[in-house]
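Enquirer: Mind having a look at this structure? Questions to follow.
The values are calculated or read from the model by the stated rules, or taken from the named source; none is laboratory data. Just so you know, these numbers come straight off a predicted model, no measurement behind them. Because the Cβ atoms are built from the backbone with ideal geometry, glycine has one as well, and the counts that use them run over all protein chains shown. Please note that ligands, DNA and RNA were not included when accessible areas were found on the heavy atoms of the full protein model with its side chains. Shrake-Rupley method; radii C 1.70, N 1.55, O 1.52, S 1.80 Å.
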Amino acid sequence: MQILRRKSWEIPESRVTPEHVFLNRRSFMAAAAGAGVMVAAGPAHAQADPSASLYPAKVNPAFADAGRPVTAEEYNTTFNNYYEFGTSKRIAAAAEKLPIRPWSIVLDGEVEKPMTLGIDDLLKQVTLEDRVYRHRCVEAWSMVVPWSGFPVSKLVEIAKPTSNAKYLRFETFNLPEIAAGQQPGFFGAYPWPYVEGMTMAEAMNDLALMVTGAYGKPVPKSMGAPLRLHLPWKYGFKSIKGIVRVSFTAQRPVSFWEQLQASEYGFWANVNPDVPHPRWSQATEQVLGTDERIPTLLFNGYGEQVAALYAGLEAEKLYM
Ligand SMILES: Nc1nc2c(c(=O)[nH]1)N[C@H]1C(S)=C(S)[C@@H](COP(=O)(O)O)O[C@H]1N2
Ligand SMILES: [Mo]
């Protein structure tokens, strides 16, 4: 696959054929065939998405290149962790059942005034930008994704937290009738809904991104539509999908995986090749969609931007 070796945004396929351009797909295909253009078949989800015209967004030049080739879209959209839909990596079809309109997000806790925002109202209050980020799963595989989104700091600005707010607690939907993994009997013992958290200082770091798009389109359901998080210097499980609530708290929230197995999945979960998972090494990573295995970097290579966040916190289990 030629796409695998392609540098990020060099020949952005997503810009040649953004979904919103071929709403009338048949006539676009005919025109494209005439012009000798290759048309990639896009997933149906984007065509019905009311936010489709917002993509692709403007590239943020500071994050235009992640230093490694962008992972081909077909790998990222079909190899996922999304336990709400099952434990396998092949949950994309099951995730299509999730209704993403209407979709409300509650901002509450230690804020001036709690509020509930529809996803499209939220999108009106932010300016989307495109950023290419490296993603490192705790399972020792990695990918490179061209996201669209807005800084977490912008969400903080909208929420107006009080001075009591020290942490952000994110929560995913809980819909057992739709997401089979949430049904009792399937995974009854799992502490749904999925919860993740970060400190206010982490939220204000420029790298922390609220994701609404990927590959120049609305983010697919398998990857967390309509709203997910990406903290690229932390293991992937911190990057919660399908967000319905963001609460500002004085106490450190307990995340989903931490509740299940705190000795293996801690609150901080910063990437560090020298701190092995209790059951495997974190020294290298398998690059999704290739046969490459590459060394893992401290903070997933983002140390320059984030290391200062952890000064004075050395007594904490920062890397697990
Ligand atoms: N709600 C929710 N968010 C989640 C998960 C999940 O199971 N449920 N898995 C996490 C893990 S372990 C990883 S590696 C990433 C995977 O993101 P991707 O499927 O888009 O590659 O999502 C994270 N966010
Ligand atoms: Mo992960």
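Enquirer: Hey, can you tell me all the residues within the stretch 150-177 that are away from ligand 1 (no atom under 13 Å from the Cβ), within 25 Å of Asn76 (Cβ to Cβ) and in contact with a Leu (Cβ under 9 Å, 6 or more places away or on another chain)?
Expert: Of everything in the stretch 150-177, those that are away from ligand 1 (no atom under 13 Å from the Cβ), within 25 Å of Asn76 (Cβ to Cβ) and in contact with a Leu (Cβ under 9 Å, 6 or more places away or on another chain) turn out to be Phe150, Pro151, Val152, Leu155.
Enquirer: When the stretch 231-247 is examined, which residues are found to be within 12 Å of ligand 2 (Cβ to nearest atom), touching a strand residue (DSSP E or B) at 6+ places or on another chain (Cβ under 6 Å) and of a type outside the set (Gly, Ala, Ser)?
Expert: Within the stretch 231-247, Lys234, Lys238, Ile240, Lys241 meet the criteria.
Residue-by-condition table, conditions (1) crowded, with 18+ Cβ neighbours inside 10 Å; (2) part of a helix (DSSP H, G or I):
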position	(1), (2)
Lys241	yes, no
Pro253	yes, no
Gln259	no, yes
Phe267	yes, no
Asp291	no, no
Ala307	no, yes
Leu313	no, no
Glu316	no, no
Tyr319	yes, no
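Enquirer: On to the next question. Just to verify a result, which residue in the stretch 120-142, among those that are more than 8 Å from ligand 1 (Cβ to nearest atom) and aliphatic (A, V, I, L, M), is nearest to the chain's Cα centre (by Cα)?
Expert: Val132
Enquirer: Answer yes or no: is there a residue in the stretch 21-44 that is open to solvent by 50 Å² or more (accessible area, probe 1.4 Å) and modelled with pLDDT of 95 or more.
Expert: Looking through the stretch 21-44, none of the residues is open to solvent by 50 Å² or more (accessible area, probe 1.4 Å) and modelled with pLDDT of 95 or more.
Enquirer: Follow-up question, since we're still on this one. Among the numbered criteria (1) open to solvent by 40 Å² or more (accessible area, probe 1.4 Å); (2) among the charged types (D, E, K, R); (3) touching a residue at least 12 places away in the same chain (Cβ under 8 Å); (4) farther than 20 Å from Gln259 by Cβ, which one does Lys166 miss?
Expert: In the conditions (1) open to solvent by 40 Å² or more (accessible area, probe 1.4 Å); (2) among the charged types (D, E, K, R); (3) touching a residue at least 12 places away in the same chain (Cβ under 8 Å); (4) farther than 20 Å from Gln259 by Cβ, Lys166 misses (4) alone.
Enquirer: Only one of (1) within 27 Å of Phe173 (Cβ to Cβ); (2) in a loop (DSSP other than H, G, I, E, B); (3) at pLDDT below 95 fails for Ile11. Which number is that?
Expert: So the condition that Ile11 fails would be (1).
Enquirer: Next up: Filter the stretch 204-235 down to residues that are under 15 Å from Arg136 (Cα atoms) and either among the aromatic types (Phe, Trp, Tyr) or open to solvent by 10 Å² or more (accessible area, probe 1.4 Å) (or both) and give me whichever is nearest to ligand 1 (Cβ to nearest atom).
Expert: So, considering only residues that are under 15 Å from Arg136 (Cα atoms) and either among the aromatic types (Phe, Trp, Tyr) or open to solvent by 10 Å² or more (accessible area, probe 1.4 Å) (or both), the one nearest to ligand 1 (Cβ to nearest atom) is Tyr235.
Enquirer: Let me ask you something else. Among the residues of the stretch 91-114, is there at least one that is within 16 Å of ligand 2 (Cβ to nearest atom) and at pLDDT below 95?
Expert: No, every residue in the stretch 91-114 fails to be within 16 Å of ligand 2 (Cβ to nearest atom) and at pLDDT below 95.
Enquirer: Here is a list of conditions, (1) within 16 Å of ligand 2 (Cβ to nearest atom); (2) charged (D, E, K, R); (3) open to solvent by 40 Å² or more (accessible area, probe 1.4 Å); (4) modelled with pLDDT of 95 or more, and Arg279 meets all of them except one; can you say which number that is?
Expert: (4)
Enquirer: Would you tally the residues in the stretch 119-146 being touching a residue at least 12 places away in the same chain (Cβ under 8 Å) and away from ligand 2 (no atom under 16 Å from the Cβ)?
Expert: Qualifying residue count for the region: 13.
Enquirer: Find the residue count for the stretch 178-203, including only residues that are crowded, with 24+ Cβ neighbours inside 10 Å and either farther than 18 Å from Lys241 by Cα or among the acidic types (Asp, Glu) (or both).
Expert: Total meeting the criteria: 1.
Enquirer: Could you say which residue among Val246, Val271 is within 16 Å of Glu316 (Cα to Cα) and open to solvent by less than 10 Å² (accessible area, probe 1.4 Å)?
Expert: One residue alone meets the criteria, Val271.
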